[in-house]
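Novice: Have a look at the structure that comes next, please.
The values are calculated or read from the model by the stated rules, or taken from the named source; none is laboratory data. All values derive from a computational prediction rather than experimental measurement. Ideal geometry is used to build each Cβ from the backbone, glycine not excepted, and the neighbour counts take in all protein chains shown.
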Amino acid sequence: MSRHKHGVFGYIIRTIGVLLTVSVLAGTCMVPSKVRAQKDLTVDFIEYAFHTLLGKDPEGEQYGFWYRNIKDGNTTAAGMIEMLSESEEFSKKNYSADQELTLLTKVMTGKELASAEKERYLSYMESGVSLRRFISDVSKTPDFAAVCAQYKITPGTVDDLESRDHNPELTIFIGQLFTE
């Protein structure tokens, strides 16, 4: 009887060992380590977006989350940028509207925003139009598509805007009616 106990115990230990090995191998195949992913441009984009918008490296779970979702097609570059800009970490940076536009333009186009456009969007934002409108507009530009092509990721767009974002001029007009 004691031989039977040891046999069952050994079988259970071996089974657990096999399951752990399989789970480790599956995990490393799904999310590459930084060494394995050095030539993976998705990793470069994730790091670039985090550095530009949040001033830091993505943490392990953040890195894995964004990597899997971009690679699996569950999110796009525009979706990631939108979510990062709406994150608590981004909010805690207390960026001015001008700084937000500058950072988002840099990450999305690699360029600076023309002063006339910056003034237009600052006016929109002062009147209640959200930052999502800016991200939506930039996500539809050839410059954004070019940045995404460089990283070989899907650009995507931000189309599910709030009512106030659909017609910024109307939002400004209505805002002026209530302030005068």
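Novice: Kindly indicate the residue of segment 104-160 that is of a type in the set (Val, Ile, Thr) and part of a helix (DSSP H, G or I) and also nearest to Thr52 (Cα to Cα) among those meeting that condition.
Specialist: The residue in question is Val107.
Novice: Let me ask something else about it. Being without any contact (Cβ under 8 Å) to a residue 40 or more places away in the chain and either part of a helix (DSSP H, G or I) or at positive phi (or both) is the filter here, so list the residues in segment 92-103 that pass it.
Specialist: Lys92, Asn94, Ala97, Asp98, Gln99, Glu100, Leu101, Thr102
One line per residue, one yes/no per condition, for (1) assigned by TED's automatic domain parsing to the domain that holds Gln99; (2) more than 16 Å from Ser87 (Cβ to Cβ); (3) modelled with pLDDT of 55 or more; (4) surrounded by 11 or more Cβ atoms within 10 Å (Cβ to Cβ):
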| site | (1), (2), (3), (4) |
| --- | --- |
| Ile12 | no, yes, yes, no |
| Gly17 | no, yes, yes, no |
| Val22 | no, yes, yes, no |
| Asp44 | yes, yes, yes, yes |
| Asp57 | yes, no, yes, yes |
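Novice: For segment 104-124, give me the residue count where each residue is crowded, with 19+ Cβ neighbours inside 10 Å and either in contact with a helix residue (DSSP H, G or I) (Cβ under 6 Å, 6 or more places away or on another chain) or touching a residue at least 40 places away in the same chain (Cβ under 8 Å) (or both).
Specialist: Of the residues in that region, 6 qualify.
Novice: So which residues in segment 49-91 are touching a residue at least 60 places away in the same chain (Cβ under 8 Å) and farther than 13 Å from Thr154 by Cα, if there are any at all?
Specialist: Glu82 - this is the single residue of segment 49-91 that is touching a residue at least 60 places away in the same chain (Cβ under 8 Å) and farther than 13 Å from Thr154 by Cα.
Novice: Among the residues that make up segment 112-122, is at least one of them modelled with pLDDT of 95 or more and within 14 Å of the chain's Cα centre (by Cα)?
Specialist: No, every residue in segment 112-122 fails to be modelled with pLDDT of 95 or more and within 14 Å of the chain's Cα centre (by Cα).
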